Amino acid sequence: MNGKTIVLAADHAGFPLKNAVKAQLDAAGYRTIDMGTHSSESCDYPLYAEAGCRKVLEGEAELCVLCCGTGVGMSIAANKIRGIRAACCSDVYSARYTRLHNDANVLCLGARVLGEGLAWELVEVFVTTEFEGGKHARRVGLIADLEAREADSGKENG
Ligand code: RB5
């Protein structure tokens, strides 16, 4: 059994890719949590983005993989959640560096963009690459500061 727990979630468009990625992660010895969806029936990706991201924020999973048609809707929704750093990737370099430099905790994949082979390479590099820290920690801290200021200005304007 691998040390990390990976939570997965998808909408109807991402459903087949989510299942394929989950099967690969299971075979590689990761613990996985599947937050759905569980069919190809049309559904709303922001709900699944939230379900997956909450598991990371609650400490039940280290990382999250979200799949929709493009990966973009999932990434936009996920990045609204405080503490989430979601990256929509379709190349291996970005998948590696978003862990090394951004400490991304969510990888978003486009099932209508990627083949399953490339998607698995992206996931594999994402889950096996660790954050570099150092000057990158300062920058990630600045993102957290920005999030906090945005939350505060929302309260003031509410
Ligand atoms: C669903 O048709 C599609 O819009 C969704 O999966 C995603 O690509 C949105 O960004």
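Each reported figure results from applying straightforward, stated rules to the coordinates on display, with no laboratory input. Not measured: the values here are computed from a predicted model. Here the Cβ is made from the backbone with ideal geometry for all residues, glycine too, and neighbour counts use every protein chain on show.
Taken together, R149, R99 contain a single residue that is over 16 Å from G14 (Cβ atoms), under 20 Å from the mean Cα position of the chain (by Cα) and among the basic types (K, R), which is R99. Residue count for the range 1-40, restricted to those that are assigned to a loop (DSSP other than H, G, I, E, B) and surrounded by fewer than 18 Cβ atoms within 10 Å (Cβ to Cβ): 10. The combined condition, being free of Cβ contacts under 8 Å to residues at least 24 places away in the same chain and farther than 14 Å from E116 by Cα, is not fulfilled by G36. Of the residues making up the range 115-128, those that are surrounded by fewer than 20 Cβ atoms within 10 Å (Cβ to Cβ) and touching a residue at least 40 places away in the same chain (Cβ under 8 Å) number 4.
Is it fair to say G36 is among the small types (G, A, S), within 16 Å of the ligand (Cβ to nearest atom) and touching a Leu at 6+ places or on another chain (Cβ under 7 Å)? No. Residues in the range 44-70 that are crowded, with 24+ Cβ neighbours inside 10 Å, over 16 Å from K22 (Cβ atoms) and within 8 Å of the ligand (Cβ to nearest atom): 1 in all. Of all residues in the range 68-89, those being in a strand (DSSP E or B) and in contact with a Ser or Thr (Cβ under 8 Å, 6 or more places away or on another chain) number 3. The listed residues are V56, V65, and the only one of them that is in a strand (DSSP E or B) and in contact (Cβ under 8 Å) with a residue 24 or more places away in the chain turns out to be V65. Within the range 90-100, does at least one residue satisfy the condition of being surrounded by 19 or more Cβ atoms within 10 Å (Cβ to Cβ), within 16 Å of the ligand (Cβ to nearest atom) and not in a loop (DSSP other than H, G, I, E, B)? Scanning the range 90-100 turns up no residue that is surrounded by 19 or more Cβ atoms within 10 Å (Cβ to Cβ), within 16 Å of the ligand (Cβ to nearest atom) and not in a loop (DSSP other than H, G, I, E, B).
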